[in-house]
Structures are given as structure tokens and as C-alpha cells.
Ligand SMILES: *Cc1c(COP(=O)(O)O)cnc(C)c1O
Ligand code: SF4
């Protein structure tokens with residue numbers, strides 16, 4: 001085994017200590033300091049030493065992936081914060097302005113907080129979300145941060161302390177109770193943050209009770225993670241790496257399927273030898289790695305990158321799963337790719353790979369009614385339209401029914417699309433609105449203030 005490599009985090013307080021920063025222009029550092037007041041910023045020594053191509057900073061996509069960029073704030077927001085920082089304003093004044101700006105960045109997209117919290121015997125189960133019939137999301141309390149922060153992440157409000165998902169480890173008992181009461185649930189998805197920020201011991205405290213509970217309906221345990229690319233030593237040389245791999249193995253031995261839902265945003269993340277070794281180690285446990293990423297301007301809005309990324313993933317034994325559309329929150333104005341362009345990029349990449357890579361689905365928006373895929377552009381009865389369908393729906397009956405929106409090559413999100421053929425509403429809208437009314441009645445009225 002090679003020597004242990006010690007994790008070192010960099011944030012606003014110490015990023016100027018990064019040796020590679022010496023070559024970076026002062027104006028770029030100031031931008032980091034200004035934008036980093038509003039949006040979360042954390043990177044680490046693996047990202048800095050193995051992923052970023054410092055010869056191409058600031059445009060390098062993997063630099064953009066974890067370092068704040070000037071244009072991630074709208075110009076008037078940037079000017080306001082820069083003015084405060086440069087005039088030496090008190091931290092409280094900067095924080096007050098930052099919070100005001102954050103509230104304008106749609107901090108809670110897709111009703112994550114208001115509509116998806118499950119209940120059991122009248123009690124709200126905080127730290128869980130249940131939106132699609134088969135899958136419950138579980139947010140372990142110690143897993144709510146990451147080895148580095150992605151600048152596009154829709155969970156950014158959590159990382160700047162605007163929304164907290166608090167709960168104690170005992171709540172895994174409530175998860176077990178909930179799974180017993182809901183036999184339609186086959187999947188538990190551990191998410192965060194990054195659950196693999198946790199020690200193997202903490203993770204075992206969540207997973208072992210699930211294995212011990214004798215839940216015939218529970219088949220698949222999933223873990224959403226970016227640790228393979230942001231901290232591969234988690235699976236190689238960290239103190240608990242072997243314990244973590246043993247835990248993965250145990251899930252399989254107990255008759256359940258472990259799926260790592262791995263985030264990779266750029267093919268370069270699959271190059272470093274430690275990342276490849278980490279993938280190999282995970283595969284040897286019997287866990288399956290599925291991969292997903294949003295499509296992001298400035299990072300990966302090029303079909304050739306996706307083609308290369310999917311092909312490398314399959315070569316390494318991973319299964320391409322989702323291409324997402326950048327969510328309508330945070331710095332979406334910086335990352336957004338119009339839906340029509342997103343579909344073109346998906347199609348051009350998809351055409352260039354063999355069927356082994358075509359397990360991937362997209363481009364898909366995780367919107368309020370469900371995961372909506374842009375299927376393509378067609379002309380129907382003389383009207384140019386966009387064809388869409390649900391990959392997942394709040395109502396499972398909505399899934400895989402094609403529906404049509406007016407062609408709009410500027411729209412970047414579902415709420416900007418209008419129904420085609422002169423119709424007033426999309427087919428699911430009445431039912432969705434009824435659902436909202438009910439969830440307001442059921443005590444979520446405060447979310448609408
Ligand atoms: C994407 C998602 C899931 C998982 O969906 P799959 O299509 O089964 O991978 C579950 N819950 C929520 C809220 C999601 O956004
Ligand atoms: S690793 Fe995942 S949760 Fe963490 S910042 Fe990146 S996208 Fe967000």
C-alpha cells in the first residue's frame with residue numbers, strides 16, 4: 001500500500017496558500033474572495049494537485065468546478081459585495097448583503113423542502129424525502145458536507161448555513177419503521193452532501209440496521225457520492241478504507257444490491273491513477289457504480305466531452321445513468337444551457353458511442369412534477385414542438401407519456417415552456433396543483449410565505 005495522503009481543505013481563509021495560486025492573477029483571487037462571500041467555496045489538495053490544469057486557469061473546466069468565478073454573480077450583486085469587501089466593511093454587513101442576495105437565487109428549487117418530507121403515524125420524518133414511489137432519500141446527519149464543493153451544486157444553501165437538515169443517528173430506526181410501513185419502497189438512497197465524507201464506522205451505523213431489519217421490500221441501497229473523483233484515497237489509503245470496502249461487500253453478502261451513484265462532470269476526472277484504482281476497489285466489492293452529471297456551460301457543454309466521459313466510464317466498468325439539466329437555482333445564469341441545445345449535445349454524444357454507453361438517459365430536469373426528459377424536436381401538424389416525457393413522476397402514471405411544448409430555443413427550464421397546439425396546460429398540471437393545495441392544508445403553509 002502506498003503512503004497515506006493527508007486530506008487538506010482549502011477555502012476563503014487559506015486558498016492563497018495553494019502553491020499553484022502564486023501564478024494566478026490577483027484579479028482572479030479577488031473574484032474568488034468576492035463571489036465566495038455569497039456562494040460556498042471549498043476545494044482540496046487532490047483537486048488542486050490532480051484535477052485542475054493550472055496552465056489554463058481561470059478557464060480550465062476543473063478550476064471552474066470548485067473555484068468561484070466572477071460571473072457566477074450577476075453584475076449588480078458582484079458590484080455590491082465587491083464594494084463592501086474593498087471598503088473594509090464589517091463581516092456582519094457583508095453577511096447581511098450576502099444573505100439578501102442568496103434569497104434572490106431561488107434557494108429551494110423543486111419543492112425539495114416543502115413537498116417531499118414523508119410522515120409516519122402523523123409525525124414528519126425530517127432528514128428524509130420521498131417523492132417517487134420506489135425510492136426514499138435519506139440524509140444522514142454526519143454526511144451533509146463534501147470533500148470539495150461543486151460551484152453548480154443545487155444544495156448550496158445548505159453549505160452556506162441557510163437551510164439545515166438536522167437529525168441524529170437514532171433516526172435510522174425511523175427509516176426502518178417507514179420502510180416496514182411502505183412495502184412499495186425498494187430503494188434507499190443515501191445522499192447529502194456526500195455520505196462518503198463519513199467514516200466507515202458512521203456509515204455502518206446507518207447501513208447495518210437496514211441489513212439487520214429483515215426488510216424484504218428493500219432491495220437496493222444507493223449512495224450518492226463524488227468521493228471517487230474528489231477524494232479517491234477514501235477507498236485506497238485512508239485509515240478506514242478497508243472497513244469501508246468491507247461494509248460495501250457486506251451489503252452484497254446480505255442479499256442487497258449496493259449502487260454508488262457517482263458524480264463525474266468531466267472526462268479528465270477519470271484520468272488520475274488514484275481515481276482508477278478507487279473505481280477498481282469498489283467494483284471488487286460487488287458494488288455497481290452508476291454515473292451522473294448535469295450539463296454545464298463553462299464545464300462540459302460539448303458533445304465530445306460527454307462521448308469521451310461515457311466511453312471511459314464503461315471502460316472502467318461504470319454504467320452511465322443520467323445527464324441532468326442544471327437546476328434553476330444559485331448561479332444557474334452562469335451554467336444554464338438552453339434545453340434545445342442540451343438535447344443536441346446529448347444526441348450528438350449518444351450517436352457516437354456504442355450501445356454499452358446508451359444506458360444513459362437525458363437531458364433530464366429534476367423539476368417539481370418529476371424528472372422530465374427532453375426527447376427531441378419535431379414538427380407535428382405544421383407546428384414546431386419540443387417532445388418531452390417523465391422519467392419519474394410525482395404520480396407514477398405520468399411516466400413515459402410523451403407530451404409537447406411549443407418550440408423555444410431559449411428556454412432553460414420546464415417553467416419557461418408553454419404547451420403546444422394552443423392548449424392551456426400540460427396534461428399533469430391540474431393534478432399537480434391539487435397536490436400543492438393538499439400539501440398546504442397538511443401544514444406546510446409556512447413554506448409559502
Ligand atoms: C432522481 C431522484 C430519485 C431517484 O430516481 P431514479 O430514477 O430511480 O434514479 C429519487 N428521489 C428524488 C427526489 C430524485 O430526484
Ligand atoms: S459533491 Fe455533490 S453534494 Fe457535494 S457539492 Fe458537489 S454536487 Fe453538491
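Every read-out reported here was derived from the displayed coordinates using simple, explicitly stated rules and does not represent laboratory data. Here the structure is a predicted model, which means the values were calculated and not measured. Positions of Cβ are generated from backbone atoms using ideal geometry, with glycine treated the same way; all protein chains shown enter the neighbour counts.
Computed quantities for the displayed model
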| item | result |
| --- | --- |
| Mean separation of Cα contacts under 8 Å, 6 or more apart, over the residue count of the chain: relative contact order % | 12 percent |
| Estimated FRET transfer efficiency when R0 is 45 angstrom, pair residue 434-residue 71 (beta carbons, to 0.05) | 0.65 |
| Least to most buried among 146, 153 (fewest other Cβ within 10 Å first) | 153, 146 |
| Candidates 25, 200, 405: whichever shows maximal mean-square fluctuation once the chain is modelled as a Gaussian network with Cα springs under 10 Å | 25 |
| Mean Cα-pair separation over length for segment 367-449, i.e. relative contact order, pairs under 8 Å, 6 or more apart, % | 20 percent |
| Of 18, 28, 197, the one that fluctuates the most in a GNM where the chain has Cα springs shorter than 10 Å | 18 |
| Pairwise FRET efficiency - residue 27 versus residue 3, Cβ, R0 = 30 Å, nearest 0.05 | 0.20 |
| Simple label model, 7 Å out from Cα along Cβ direction - residue 283 to residue 123, nm | 4.4 nm |
| Footprinting exposure proxy for 30, 57 (fewest neighbouring C-beta atoms within 10 Å first) | 30, 57 |
| Label-to-label distance, nm, for residues given as residue 254 and residue 347 (7 Å Cα→Cβ offset) | 4.6 nm |
| Spacing of the two label points (7 Å from each Cα toward its C-beta) at residue 95 and residue 49, in nm | 3.4 nm |
| Residue exposure sequence - 266, 56 - by fewest surrounding Cβ within 10 Å | 56, 266 |
| Gap separating the Cα centres of segment 179-215 and segment 352-371, nearest whole Å | 26 Å |
| Residues in segment 229-268 reached by a label modelled at residue 219 [backbone nitrogen below 12 Å; 7 Å Cα→Cβ] | 256-257 |
| Linear extension gain, residue 408 paired with residue 359, 0.36 nm per residue minus alpha-carbon span | 14.9 nm |
| Computed E for residue 423/residue 20 - FRET, C-beta separation, R0 45 angstrom, nearest 0.05 | 0.25 |
| Whole-Å distance, taken between Cα centres, linking segment 8-67 and segment 266-340 | 21 Å |
| Taking the convex hull of Cα positions in the chain, its mean projected area over all directions (nm²) | 22.5 nm² |
